[in-house]
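Novice: Sharing a structure below in structure tokens format, with a few things to ask.
The values are calculated or read from the model by the stated rules, or taken from the named source; none is laboratory data. Since we're looking at a predicted model, the values are computed, not measured. Note: ideal-geometry Cβ built from the backbone for every residue, glycine included; neighbour counts use all protein chains shown. Remember, those area values only see protein heavy atoms, side chains included, never the ligands or the DNA or RNA. Shrake-Rupley method; radii C 1.70, N 1.55, O 1.52, S 1.80 Å.
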Protein chains: 2
Amino acid sequence: MKTNLSTCCPPLLREHLQSSEAEQLAVLFRVLGEASRLQLLSLIAAQPTGAACVCELIEPLGLSQPTVSHHLKVLYDAGFLTKERRGTWIYYRVVPETLQAICGSLKLPDRKSAAP
Amino acid sequence: MKTNLSTCCPPLLREHLQSSEAEQLAVLFRVLGEASRLQLLSLIAAQPTGAACVCELIEPLGLSQPTVSHHLKVLYDAGFLTKERRGTWIYYRVVPETLQAICGSLKLPDRKSAAP
DNA sequence: TCAATATATTGACAAATATCGATATGCTTG
DNA sequence: CAAGCATATCGATATTTGTCAATATATTGA
């Protein structure tokens, strides 16, 4: 169920994208294409410890607990979050490398400046 | 119909994301969350001139002309592409600033390293 | 073992959207 | 103006997905 970007900064926009690579990358963008999930990332990243459990995230999002759990699972499966159990609670953390990989995928090819 | 990021690198993940900001950013990610659209960006960016007309994009994508036009419109409305008419053809170009803005939105808050 | 709490899963429904064929619009050239 | 080509829009359909209530699972503590 979990996906993974094998390399840190694949060429992607730098050269012609195969459809399989495109689909793999599109999955990541699709996961970020939901305001609630961006807010989750933001909330978790903003914690002093860098980690947050589900119960801390429900109220600020204004969504039901199952829905929050669902979004966390989507983020986790895509590699945006790690989770760690501590007693009854499960703490989620943002994975910086995944965000960096996406960033790297958006680089354009070098171009000799100026053209008619 | 067109959206716009008012600033180049809004804070976003650096601090708590308001739901309106989150939705605005999510729209951009949603546009990229489709393999065909990533391929379009890749194909256009890979042109020697940096520009491509619709008819050049149909065959490599393997989609119908209306569908390709639709995806180009979505990319255009979101600010990922510009378009310019030259006679019968319409040339699309990638807007680097929009990609950079997305990149900037994925930066995490600075964190004092090491925590139990 | 039982109760309480935190989290995950299931099932169902509504909303969003990718896709296509058909058709419209716009430009160029005879 | 008519024909031909490039592109856009429309209408319909199938698929995906966000959401919740209900329920299941897992952990802790009495």
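Novice: Can I get the semi-axes of region A:24-103's equivalent ellipsoid? Compute them from the C-alpha gyration tensor as square roots of 5 times the eigenvalues, in angstrom, largest first.
Specialist: 19, 14, 11
Novice: Also, I was wondering about something else. How far apart are the A:Asp110 label points across copies, placing each 7 Å from Cα toward Cβ, in nm, shortest first?
Specialist: List, nearest first: 3.1 nm.
Novice: Local charge sum around B:Glu34 (other residues, Cβ-Cβ under 12 Å, Lys/Arg +1, Asp/Glu -1)?
Specialist: Computed value for this residue: +2.
Novice: Right, next: Please work out the FRET efficiency for the pair B:Ile90 and A:Glu23, using the Cβ-Cβ distance as r and a Förster radius of 30 Å; give the result to the nearest 0.05.
Specialist: Computed FRET efficiency for B:Ile90 and A:Glu23: 0.65.
Novice: Rounded to the nearest 100 Å², what is the buried accessible area between B and A, both sides summed, probe 1.4 Å?
Specialist: Looking at B and A, the buried total is near 3000 Å².
Novice: Just to confirm, what accessible area per residue do you get for region B:12-105 at 1.4 Å probe, in whole Å²?
Specialist: For region B:12-105, the solvent-accessible area averages 44 Å² per residue.
Novice: Below 17 Å, Cα to Cα, which aspartates and glutamates can A:Lys107 reach? Residues fewer than 8 away in the same chain don't count.
Specialist: Here the aspartates and glutamates satisfying the reach criterion relative to A:Lys107 are A:Glu15, A:Glu21, A:Glu97, B:Glu97.
Novice: With the label 7 angstrom out along Cα to Cβ, how close does B:Gly62 come to the same site in each of the other copies, in nm, nearest first?
Specialist: Nearest first, the other copies' label points are 4.3 nm away.
Novice: I want the local charge near B:Glu23. Using Cβ-Cβ distances under 12 Å, sum +1 for each Lys or Arg and -1 for each Asp or Glu among the other residues.
Specialist: Cβ neighbours under 12 Å give a net charge of 0.
Novice: Distances from B:Glu97 to the same position in the other copies: list them in nm, one decimal, shortest first, using label points 7 Å from Cα along Cα→Cβ.
Specialist: Shortest to longest, the spacings are 3.5 nm.
Novice: May I ask you to list the aspartates and glutamates whose Cα is less than 17 Å away from that of B:Lys73, ignoring any residue fewer than eight positions away on the same chain?
Specialist: B:Glu34, B:Glu56, B:Glu84
Novice: Now for a different question. For a quick check: with amide H placed at 1.01 Å from N, whose amide H comes under 5 Å from A:Cys53's, ignoring anything fewer than 5 positions away on the same chain?
Specialist: Residues meeting the criterion, in which the H sits 1.01 Å from N, are A:Tyr92.
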